[in-house]
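This report refers to the structure that appears directly beneath it.
Readers should treat all values here as calculations from the given coordinates under stated rules, not as data from a laboratory. Small disclaimer: the values here were computed from a predicted structure and weren't measured. As a convention, Cβ positions derive from the backbone with ideal geometry for all residues, glycine included, and neighbour counts pool all protein chains shown.
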Amino acid sequence: GHSVRWDIQRYSLVGSRRASDPGLVILEGLQGELLPGETLAILGPSGAGKTTFLSLLAGRVQEGRFKGQIFVGNEMFSPTRMRSLSAYVEQEDHLVGCLTVHEELSFAADLRLDASIPAYERRLEVEKVKGDLGLTHVSSRRIGDYFSRGISGGEKRRVSIAKEMVTHRQILFLDEPTSGLDSFTALQVVHSVIHLARRRNLVVFCTIHQPSSELLHSFDKV
């Protein structure tokens, strides 16, 4: 796995073209490091810049002025390299309700894994990720939508994470994965992510809004 180290002196949205104009400062004075197998909870009220921090590290920020350094392993950060090594799971689940869990993950594997990888290896990867995220028992159930009942909210969130993990990514960015879930389900989702990180030696960044103390203490770093 790869470690990620950051020293964000300042990230701002540009006000004017004058170099003396700092613009709107979104992030300032953030340092840290995550080693393979470690999980980080990123806290703060709405509008504090949690998602911006996540997007900046993930190489998804297109605009603004950044001063600082980010390293992936011993190499200087480049957005393209980070995107090739990482997976980003958004707050909303983008799943097809009429498919089963197995079908959704199989389609993801077929679309995202290199065409040179044999079909049996893709199936094996799907089975592994289902096991790692506790989805084997709902494998043949439909995901469901507004019109038909399917798997639970927590299971849907785990399917969204599993879809990204079929591609062997080593760095995982999760934007509020517990959003809309009750405290017990939120804990289940976080524990499955931590299990995945340790089992696969991943680095995991996770934004969390108003976590319980038990949830917070599950993470390696805050």
Checklist outcome for this item: In the chain, taking the dipole from +1 charges on Lys and Arg beta carbons and -1 charges on Asp and Glu beta carbons about the Cα centre, the listed residue (V72, I171, L27) farthest towards the positive end is V72
Item to check | Chain lengthening between E121 and E92 when straightened (0.36 nm per residue, less Cα-Cα) | outcome: 7.5 nm
Next on the checklist: Taking the beta-carbon count within 10 Å as an exposure proxy, list T136, T52 from fewest neighbours to most.
Outcome noted: T136, T52
Checklist entry - What distance in nm separates the simple spin-label points at S46 and E214, each placed 7 Å from Cα in the Cβ direction? => result 2.6
Next on the checklist: Residue by residue through region 153-161, what is 3J(HN,Hα) from phi via Karplus (6.51 cos²θ - 1.76 cosθ + 1.60, θ = phi - 60°)? Round to whole Hz and write x for glycine and proline.
Outcome noted: x, x, 5, 4, 4, 5, 5, 4, 5
Checklist entry - Based on the Cβ-Cβ distance from R149 to L24, what FRET efficiency comes out when R0 is 41 Å, to the nearest 0.05? => result 0.35
Checklist entry - Which ordering of R158, R142, R112 is given by a fewest-first count of other beta-carbon atoms within 10 Å? => result R112, R142, R158
Checklist entry - Amide H to amide H, which residues 5 or more places from F77 or on other chains are under 5 Å from it, using H placed in the peptide plane? => result I70, F71, V72
Checklist entry - What full-extension length gain, to one decimal in nm, is calculated for K128 and N74 as 0.36 nm per residue of separation minus the Cα-Cα distance? => result 16.5 nm
Next on the checklist: About the Cα centre, and with charges only on the beta carbon of Lys, Arg (+1) and Asp, Glu (-1), how big is the dipole of the chain? Nearest 20 debye, please.
Outcome noted: 280
Next on the checklist: Charges at C-beta only: +1 for Lys and Arg, -1 for Asp and Glu. How large is the resulting dipole of region 50-152 about its Cα centre, in Debye rounded to 20?
Outcome noted: 300
Checklist entry - Taking the simple approach of a point 7 Å from Cα along Cα-to-Cβ for both H191 and L13, what is their distance in nm? => result 4.0
Next on the checklist: Rounded to whole Å, give me the distance from the Cα center of region 18-84 to that of region 167-222.
Outcome noted: 19
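Which pairs, out of K128/K156; K67/K156; K50/K163; K163/K221; K67/K128, put more than 29 Å between their alpha-carbon atoms?
Distance filter (> 29 Å) returns K67/K156; K67/K128.
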